[in-house]
Each structure stands twice: as C-alpha cells, then as structure tokens.
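Structure, as structure tokens:
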Amino acid sequence: MKSIKSVKVEVVNNFTPERIFLLFVFAVISIILVGMIGTTSGTKQLTGIGLLIGIWSLYIKYLRDDRIVNKTRITLKYYKRSLRGETIIAKYKIDTQHLKKVIPIRQVHGGGLIEFNGKQYGVLLITTPSRKDSGELIAHQKKVEALLNTLHGTLTLKSITGSRIDPVRPLDNELLKAANQKGVTLPQRNHLHELYTENTEKAQEIDWTYHTYIGFGQHDNVDRARITMNANLPGIIALLKNTGISHRIIEVEDEVLLTYRELLLRKRLK
C-alpha cells in the first residue's frame, strides 16, 4: 500500500521550535522591562511592573502550550479574514407562506394536525423502519396486515419513500485540497490523485427518507377532525411500533411545509 511521507516536527523537551521562539521573545522583553523597573521610579516604574505582569499573563492565557497556541493562531486568522469580509455566510430564508401556494396546506394545528385545502385533515410522521431478516418476514407481514385492517371509513395510511444521490462527498474535497497545497511533491500529488480517482469511481451514496401520512378524511371543522384524530391515532401509532417502525409526528407548521418541499424535490419511489 502506498503512503504519503509525513513531515516530522522536531520537539525538544516537549517544546516545539515555535514555542521556543515565543518564549525567547517574551524573555527578552521581560529583561528589558526588568531593567527599566530597576533604573526608574514613580510612574515609569509602576508602568514597567504593569507591563511585565501583563505580558506574562498574556503568555499564560494564550501561549502556554501547543494546543492553546494553535487555537490562538486559528482565532487570529479568522479575525483577520473577518476584517476582509471573507467569513460572511449567505443565509437563505424560505418564505413558508409562499410554499402554501404550492403545497395545499391551510394550517397546522396543535399536535401536528394538518388542515389541507378542501377540509381534508391528517398528520405527517417521520418514520424509521427496521431491517427484517428473511425468517421474520411472515410475522412482519401479519403485523402490517393487522395495521391496515384497523383502517376504516375515511381513514387512510400512506407510506412515502424518497431518495436522492447525496451530493456531499467530503473525502473528495479533502483529497483535492491536500493535492493542491504548496510544498506537495510530485509523488505525493500522484498518490493523492490515485486516491481521488479511486474514491470518485465508487458508487454514489443514496440518501433515503421515510415518511408516513395518516389521513382522517374530510371534516367540517378542526374540532371534528381532532375527535377523529384522538380516537384513532393512538391505536395506529401503537401498531406502527409493533411493526418495528419508530416515528416522530411533525408538529411545527414550518417543518411540515419544508418537509413536503423536500419530498417534492426528491425522486419518489413507487
């Protein structure tokens, strides 16, 4: 297996060259301040004492070990970039009222009860199905059958499965970044390119989502719909759990709208 030669940093008694340099600078400044304190009096002497205490307090707080030195360096670099305006993150806010023009939802009431146009009501669940072995399929099918047999009248249950190719491939980005860094030798660059090519040739990952919609039919008002919901939802949820499906009812209106938007953007599998 090919490997990239690592660059070793020489460490002397747990002190890196960078820390030795910083310690030397602080020592020189301290000697100058001590000399000033010894040869002056009054306000100048007090100023020298204050500066001496200040610089060593600064050293202890920000530079006392390599971990803190690295953290301080990152903070200073970030501050420098922020002054240049390079750390601004664009935030895009989706107007959920605009989504209502596309998704036929009038309002989401307490407990996640969704009121659709046409006075249709229901709830949307995020579900996570469990894997079943071949020996468990018959028993699982009977549990699903028991769940479906509880549906009566206007009650409906829909399983929505969506998928999309996950566009985020962090390893690809890291390999390209490492290959394009300054100081990378040609053998190292070729090795990184081989790893990048090998990784990109792998099958793309698929991101799956599972949702279940439980419909309570058409009702004249939300109170009647809630009566139907309270009478039937607990039993349906219990049977869902019995089939090995964990769930969470989406109760916040914005999340409901954004979930439907996400489902519209995904490839729906029938």
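Relative to the longest principal axis of the chain, what angle (0 to 90°, nearest 10) does the C-alpha long axis of helix 43-62 take?
Roughly 40 degrees between the two axes.
In debye, nearest 20, what is the charge dipole magnitude of the chain about its Cα centre with +1 on Lys and Arg Cβ and -1 on Asp and Glu Cβ, if you could check?
540
At a Förster radius of 22 Å, what calculated FRET efficiency corresponds to the Cβ-Cβ distance of T87 and K182, to the nearest 0.05?
Here the calculated transfer efficiency is 0.45.
Please identify which residues in the stretch 95-118 have an amide N closer than 12 Å to a label point set 7 Å out from the Cα of I249, following the Cα→Cβ vector.
Counting only backbone N, you get 109-114.
Please give the residues of the stretch 171-202, grouped as numeric ranges, whose backbone N is less than 19 Å from a label point set 7 Å along the Cα-to-Cβ vector of I74.
Answer for this model: 171, 174-175, 177-178.
As an exercise, use a Förster radius of 51 Å and the Cβ-Cβ distance of F24 and E174 to find the FRET efficiency, rounded to the nearest 0.05.
That gives a FRET efficiency of 0.90.
Sort the following peptides by mean Cβ neighbour count (other Cβ atoms within 10 Å, averaged over residues), highest first: 18-26, 225-233.
225-233, 18-26
Can you give the FRET efficiency for R261 and L151, using 1/(1 + (r/R0)^6), R0 = 25 Å, r = Cβ-Cβ distance, to the nearest 0.05?
Given R0 = 25 Å and the Cβ-Cβ separation, E is 0.35.
Throughout, read-outs are computed from the coordinates displayed, never taken from laboratory work. Given the structure is predicted, the values throughout are model-derived calculations rather than measurements. Reconstructed Cβ throughout: ideal geometry from the backbone, glycine too, with neighbour counts over all protein chains shown.
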